[in-house]
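To start, the structure under review is shown below, and the notes come after it.
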Amino acid sequence: MEGVADPDTAAAAIEFRAVTKRYPGRSAAAVRELSLSVPAGEICVLIGPSGSGKTTAMKMVNRLIDITEGDITVGGQSVRSLDVTELRRGIGYVFQQIGLFPHMSVEDNIGTVPRLLGWPKQRIRDRVGELLELVGLEQSDAKRYPGQFSGGQRQRIGVARAMAAGQPIMLMDEPFGAVDPIARDRLQNDFLRLHAEVRKTVIFVTHDIDEAIKMGHRMAILRDGELVQYGTPDEILATPANDFIADFVGADRGLKRLLLRKLAEIELAPAANGERDDLPTIDEDTCLRDALSMMVTQRVSALTVLGTAGERRGTVSMESLAHFADLDRADADAEVEA
Amino acid sequence: MLAQLALPIAQGGGPVIPTFQRGSDCVRENRQFCWDWFSSHWSSTFQPRLIEHIELTAIAVGIGFVIAFVAALVAYRWDWAVNPATAVFALVYTIPSLAFFQLMVPFTGLTRLSAEIALVSYTLLILFRNILTGLREVPADALEAAQAMGLTRRQTLWRVELPLAMPAIMAGIRIATVTIISLATVAAFIGVGGLGEPIFNAIQTGFKTQFIAAGVLAVLLALVTDAVLVVVQRLLTPWARAKVG
């Protein structure tokens with residue numbers, strides 16, 4: 001696969017072409033005629049209730065599960081045409097149980113695929129150093145064993161291992177499902193920051209709708225092995241394709257839409273000098289939902305938004321927030337940009 | 001049958017207590033332990049028997065390990081092989097040791113080969129079960145990761161499964177070795193030397209010093225070997241003791 005030896009810059013598009021998975025002895029297909037394409041460098045979240053086929057769909061990409069019918073292409077190449085070990089060495093894999101090798105140091109864990117690919121020792125060592133920094137671990141952690149780390153730290157090591165050889169693609173199966181909510185939130189934020197830097201194509205499986213909305217550039221909602229809706233989180237929240245989707249994303253989908261934007265990203269009313277000094281202040285880095293929450297708890301209808309340096313950027317009103325939560329307006333984005 | 005049984009012991013030879021006149025008071029009175037007799041017979045009797053004993057044990061555990069290892073790999077890969085292998089190894093394990101050594105004599109004579117066949121047989125069940133258990137207890141997540149990262153089956157076996165099975169494998173080697181050190185004393189019954197030889201002699205003559213010296217040496221050998229194996233295990237599995245902090 002091209003780009004394998006070129007760490008952190010390469011990404012490859014993934015395309016499912018009418019992919020079906022049938023298990024012998026079961027009449028219903030686990031995945032039925034799934035077609036979707038994930039542009040290079042995007043995070044695509046596969047979500048659905050248990051038994052919806054999301055994990056099965058993901059595992060067919062690196063052929064941990066065999067495809068019954070149809071095909072998946074990675075960077076334009078059919079995964080069925082590639083040698084299976086070669087294919088897997090070119091695709092990072094992160095899963096809930098992490099699967100670090102307890103008998104190997106962090107350095108050896110992260111260096112697994114580069115070693116398989118025959119990289120020289122020094123190059124592997126340098127690469128490990130780079131990755132430790134990238135995922136926020138100490139250089140001195142390289143010689144320690146996985147058992148000496150917390151769950152969150154282990155998951156960071158797992159992420160570093162999955163991109164060690166510059167794999168353009170990463171498969172993530174409920175990667176943050178086993179850590180506590182606070183650590184999960186941090187891991188999610190750190191991963192998004194990391195992803196903005198390395199731009200891999202990511203397939204991310206979860207059953208947590210909030211996580212899906214937060215992590216996904218796109219969401220594919222599956223039920224009983226079939227794709228029900230595919231789109232950006234905003235599209236899906238604003239215009240659910242049917243009652244199942246509306247139900248699945250939750251009655252508070254309007255509120256959830258407010259999670260998708262930060263105050264810094266919307267147009268603010270100009271800061272009226274002196275006039276509204278009494279308003280509570282809020283950082284522009286805050287998402288709209290937290291801004292709304294602040295209005296409700298402080299019983300005000302507007303907030304003063306502060307920039308990163310603490311300067312007044314403007315005010316935001318409850319009406320303008322309601323505009324972004326409005327369920328009938330899928331084109332909120334367009335209006336703002338106009 | 002009895003005569004035949006007694007024969008190897010007589011053949012085994014070795015010092016009885018022929019030197020009552022010239023021996024010390026301690027030896028003539030057959031006291032509990034005569035240090036002077038032990039030290040004057042160390043290089044002629046005990047040291048060579050001790051070395052023979054170590055050889056008997058090392059060969060038995062070595063060959064036993066190779067057989068059990070191959071059998072365990074086969075059983076790990078093909079489940080149907082587990083029960084037959086266990087049955088065979090358990091069967092030979094239950095044969096009384098004295099009978100087993102004697103049983104081999106008509107086939108392979110009063111030779112070290114006879115002794116080793118019996119001793120190897122006793123290692124198999126222990127080693128087989130420990131190796132197989134070790135392999136089966138390799139965490140499923142580590143295997144999934146290995147597969148997903150594109151390790152071949154062979155790479156997974158050597159780089160992941162066997163290293164992770166090492167604590168169980170080493171535990172098996174320790175039990176097998178200590179067991180064989182103990183059982184090898186019985187092998188002197190067919191005249192192959194080892195620390196069992198002075199013990200058999202002492203049983204016949206009633207010479208306490210010889211009995212205690214050989215017995216204590218066998219126990220010490222077992223303890224020291226086990227301690228050495230513990231050190232080896234720690235060197236092989238540095239990760240097992242690495243703790244938080």
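What is the number of the single condition among (1) aliphatic (A, V, I, L, M); (2) crowded, with 22+ Cβ neighbours inside 10 Å; (3) within 14 Å of chain A (Cβ to nearest Cβ) that B:L124 does not meet?
All conditions are met except number (3).
Residues being among the polar types (S, T, N, Q) and either touching a Lys or Arg at 6+ places or on another chain (Cβ under 7 Å) or within 11 Å of chain B (Cβ to nearest Cβ) (or both): count how many of those fall in the range A:74-118.
6
So which of B:L229, B:L223 ends up being among the hydrophobic types (A, V, I, L, M, F, W, C) and closer than 28 Å to B:H41 by Cβ?
When all the criteria are applied, what remains is B:L223.
Which one of B:R234, B:R159, B:R241 is closer than 24 Å to B:A71 by Cα and of a type in the set (D, E, K, R)?
Answer to the check: B:R159.
Of the conditions (1) more than 23 Å from B:W239 (Cα to Cα); (2) in a strand (DSSP E or B), A:V94 fails just one. Which one is it?
(1)
Of the residues B:E197, B:E161, which is touching a residue at least 24 places away in the same chain (Cβ under 8 Å) and closer than 30 Å to A:A165 by Cβ?
The match here is B:E161.
Please go through the range A:171-186 and pick out each residue that is among the hydrophobic types (A, V, I, L, M, F, W, C) and away from every other protein chain (no Cβ under 11 Å).
A:M172, A:F176, A:V179, A:I182, A:A183
The rows are residues; the columns are (1) out of contact with any Leu (no Cβ under 7 Å at 6 or more places or on another chain); (2) part of a strand (DSSP E or B); (3) more than 19 Å from A:V45 (Cα to Cα).
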position	(1), (2), (3)
A:R115	yes, no, yes
A:Q122	yes, no, yes
A:R125	yes, no, yes
A:G136	yes, no, yes
A:Q155	no, no, no
A:V159	yes, no, no
A:R186	yes, no, no
A:L192	yes, no, no
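Let me confirm something: among B:A165, B:A140, which residue is over 23 Å from B:A60 (Cβ atoms) and within 14 Å of chain A (Cβ to nearest Cβ)?
B:A140
Can you give me the number of residues within the range A:86-116 that are under 25 Å from the mean Cα position of the chain (by Cα) and of a type in the set (K, R)?
So the answer is 2.
Residue under question is A:V61, and the condition is that it be within 14 Å of chain B (Cβ to nearest Cβ), in contact with a strand residue (DSSP E or B) (Cβ under 8 Å, 6 or more places away or on another chain), among the β-branched types (V, I, T) and in a strand (DSSP E or B); does it hold?
No.
Collect the residues in the range A:277-310 that are within 17 Å of A:A264 (Cβ to Cβ) and of a type in the set (S, T, N, Q), keeping them in residue-number order.
A:T281, A:T286, A:T304, A:T308
Pairs please, first residue from the range B:35-53 and among the basic types (K, R), second anywhere and assigned to a helix (DSSP H, G or I), Cβ atoms under 9 Å, 6+ apart in sequence or on different chains.
Partner pairs satisfying both residue conditions: B:R49/B:A188; B:R49/B:G196; B:R49/B:E197; B:R49/B:P198; B:R49/B:A214; B:R49/B:L217.
Quick one: which of A:L192, A:L237, A:L227 is crowded, with 24+ Cβ neighbours inside 10 Å and not small (G, A, S)?
Result: A:L237 is the single residue among A:L192, A:L237, A:L227 that is crowded, with 24+ Cβ neighbours inside 10 Å and not small (G, A, S).
Return yes when B:V178 is within 14 Å of chain A (Cβ to nearest Cβ) and touching a helix residue (DSSP H, G or I) at 6+ places or on another chain (Cβ under 6 Å) and no when it is not.
Against the criterion (within 14 Å of chain A (Cβ to nearest Cβ) and touching a helix residue (DSSP H, G or I) at 6+ places or on another chain (Cβ under 6 Å)), B:V178 does not qualify.
Tell me the helices (runs of 4 or more DSSP H) entirely within the range A:272-338 that contain at least 1 residues that are surrounded by 14 or more Cβ atoms within 10 Å (Cβ to Cβ), at pLDDT below 85 and of a type outside the set (D, E, K, R).
Here the list reads A:318-325, A:332-337.
Which of (1) more than 30 Å from B:P163 (Cα to Cα); (2) within 17 Å of the chain's Cα centre (by Cα); (3) crowded, with 18+ Cβ neighbours inside 10 Å is the odd one out, the single condition B:L98 does not satisfy?
Result: B:L98 fails condition (3) only.
Within the range B:209-245, take every residue that is within 14 Å of another protein chain (Cβ to nearest Cβ), among the charged types (D, E, K, R) and assigned to a helix (DSSP H, G or I) and give me the one that is nearest to A:Y145 (Cα to Cα).
Only one residue tops the list, namely B:R241.
Within the range A:130-148, which residues are closer than 22 Å to B:P238 by Cα and either touching a residue at least 40 places away in the same chain (Cβ under 8 Å) or small (G, A, S) (or both)?
Listed by number, the residues that qualify are A:S140, A:A142, A:Y145, A:P146, A:G147.
So, A:S52, is that one part of a loop (DSSP other than H, G, I, E, B) and among the hydroxyl-bearing types (S, T, Y) or not?
yes
State whether the residues of the range A:208-222 include one that is crowded, with 19+ Cβ neighbours inside 10 Å and part of a loop (DSSP other than H, G, I, E, B).
The answer is yes, given that some residue of the range A:208-222 is crowded, with 19+ Cβ neighbours inside 10 Å and part of a loop (DSSP other than H, G, I, E, B).
Which count do you get for residues in the range A:138-151 that are away from every other protein chain (no Cβ under 13 Å) and either buried (at least 19 other Cβ atoms within 10 Å of the Cβ) or assigned to a loop (DSSP other than H, G, I, E, B) (or both)?
Selection size over the range A:138-151: 2.
The values are calculated or read from the model by the stated rules, or taken from the named source; none is laboratory data. Fair warning: this is a prediction, and the values are worked out from it, not measured in the lab. Virtual Cβ from ideal backbone geometry, glycine too; neighbours counted across all protein chains shown.
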